[in-house]
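*Asks:* Okay, here's the structure, questions in a sec.
Nothing in this text is a laboratory measurement; each read-out follows from the coordinates by a stated rule. Note that the structure is a prediction, hence the values are computed from the model and not measured.
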Amino acid sequence: MRWLFVTAAFPWPLDHGTYLRVYHLARTLAAGGDDVALLAPGDDPDGRRAYAQAGVRVLDGPAAGPPPGAYRGAHPPDEALARAVARRAGDADVAVLVHARTLQHAPAARPARVVADLVDDLVVEEGRKLWRDLRPPAWA
């Protein structure tokens, strides 16, 4: 099977739960004989080497995402990454969109099957906060 992992930032160093998850999922799939590629904005030479040693192809993505403060919505649109996803998705059976920030690229990921890896479910987390804080007015 051919996998394409799409992340909103280059997942390195492995000091974040999302980055650990992407690295180990990709490494395990590659070790099992699947063709695994990573597409992310930015780059990290050490990370690129580590992924290559794990059998994961690192594709050249956009130089970086939108500049900070350029967008006031939940997740800034990243047209450069959307174009890169559209170019690469046809080479994959499955496109794994990692975190809510990459869900905007689901239409570009066709014809591959799209898997949304919502590492941290924001709705569940907010629900936990409401119950923990017992703030009934905030429920509305």
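*Asks:* Percent of Cα-Cα pairs per 10 Å bin, from 0 to the last occupied bin, for the range 21-62, please list those.
*Replies:* Calculated P(r), rounded to whole percents: 32, 58, 10.
*Asks:* Check GLY42: other-chain or 5+ apart residues with amide H under 5 Å from its amide H, H built from backbone geometry?
*Replies:* Counting only residues 5 or more places away or on other chains, the set is ALA63, ALA64.
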